[in-house]
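The values are calculated or read from the model by the stated rules, or taken from the named source; none is laboratory data. None of these values were measured; they are calculated from a predicted model. Here the Cβ is made from the backbone with ideal geometry for all residues, glycine too, and neighbour counts use every protein chain on show.
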Amino acid sequence: MRKFVLLLILFSSLCFGQKKEILKVMQKQQAAWNNGDLEGFMQGYWKSDSLLFIGSKGPNYGWQKILDNYKKSYPNKEKMGNLEFSDIKVKPLGKNYAQVMGRWKLKRTTDEPNGIYTLIFQKFRDGWKIISDHTN
């Protein structure tokens, strides 16, 4: 019983650590976006041709392709607006993976587009990165 309790405490601290580190990545992304810095925003993503982004136009692969799509859709700070994440839920999927679900909203002068997202994070040597993003 004592070993079980110790394992439970260890697992809980591991999950809390994952959540804290992942939320820090998302906070950095939000700050970069709100500063009009798309390259900074993209630092939260895995820089790989295998990075997957699924949006309204279907799946896209590759860090550079996704950055190029963001630049096309959000060519200036006015179009980018102010990004807010909310209702964030982090679900550990093991030691090096986690699923994150939540809501996003852009506050712009003329509108407030919003939606939901599901992210898969993987832990790499240089920290947690998004390897799959399904946003609508």
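If you check Asp87 against the conditions, is it in contact with a Lys or Arg (Cβ under 7 Å, 6 or more places away or on another chain), without any contact (Cβ under 8 Å) to a residue 40 or more places away in the chain and closer than 28 Å to Gln18 by Cβ? Please lay out each step first, then the result.
Details: in contact with a Lys or Arg (Cβ under 7 Å, 6 or more places away or on another chain): yes; without any contact (Cβ under 8 Å) to a residue 40 or more places away in the chain: yes; closer than 28 Å to Gln18 by Cβ: yes.
For Asp87, the condition - in contact with a Lys or Arg (Cβ under 7 Å, 6 or more places away or on another chain), without any contact (Cβ under 8 Å) to a residue 40 or more places away in the chain and closer than 28 Å to Gln18 by Cβ - is met.
Output the qualifying pairs, or none if there are none: Cβ atoms under 6 angstrom, residues six or more apart or on different chains, first residue in region 104-133 and within 20 Å of Lys20 (Cβ to Cβ), second residue assigned to a strand (DSSP E or B) and among the acidic types (Asp, Glu).
Listed by first residue and then by second, the contacts come to Leu119/Asp133.
Looking at (1) in contact with a Lys or Arg (Cβ under 9 Å, 6 or more places away or on another chain); (2) of a type in the set (S, T, N, Q); (3) exposed (fewer than 13 other Cβ atoms within 10 Å of the Cβ), can you tell me which one Ser50 breaks?
Result: Ser50 passes all but (1).
For Ser86, all conditions in the list (1) out of contact with any Phe, Trp or Tyr (no Cβ under 6 Å at 6 or more places or on another chain); (2) over 22 Å from Asn35 (Cβ atoms) hold save one; what is the number of the exception?
Looking at each condition in turn, Ser86 falls short on (2).
Take Asp68 and tell me if it is in a loop (DSSP other than H, G, I, E, B) and surrounded by fewer than 17 Cβ atoms within 10 Å (Cβ to Cβ).
On the way: in a loop (DSSP other than H, G, I, E, B): no; surrounded by fewer than 17 Cβ atoms within 10 Å (Cβ to Cβ): yes.
So Asp68 fails the test.
Take region 79-92 and flag every residue that is surrounded by 12 or more Cβ atoms within 10 Å (Cβ to Cβ) and either within 19 Å of Lys28 (Cα to Cα) or modelled with pLDDT under 95 (or both).
Answer for region 79-92, where residues must be surrounded by 12 or more Cβ atoms within 10 Å (Cβ to Cβ) and either within 19 Å of Lys28 (Cα to Cα) or modelled with pLDDT under 95 (or both): Met80, Gly81, Asn82, Leu83, Glu84, Phe85, Ile88, Val90.
If a residue has to be part of a strand (DSSP E or B) and under 18 Å from Ile116 (Cα atoms) to count, how many in region 71-95 make the cut? Write out each step before concluding.
Initially, region 71-95 is screened for residues part of a strand (DSSP E or B), giving 82-92.
Cutting the leftovers down to under 18 Å from Ile116 (Cα atoms) gives us 82-91.
So the count comes out to 10.
Any chance region 16-37 includes a residue that's exposed (fewer than 15 other Cβ atoms within 10 Å of the Cβ), out of contact with any Gly (no Cβ under 8 Å at 6 or more places or on another chain) and at pLDDT below 95?
So far as region 16-37 goes, yes, one or more of its residues are exposed (fewer than 15 other Cβ atoms within 10 Å of the Cβ), out of contact with any Gly (no Cβ under 8 Å at 6 or more places or on another chain) and at pLDDT below 95.
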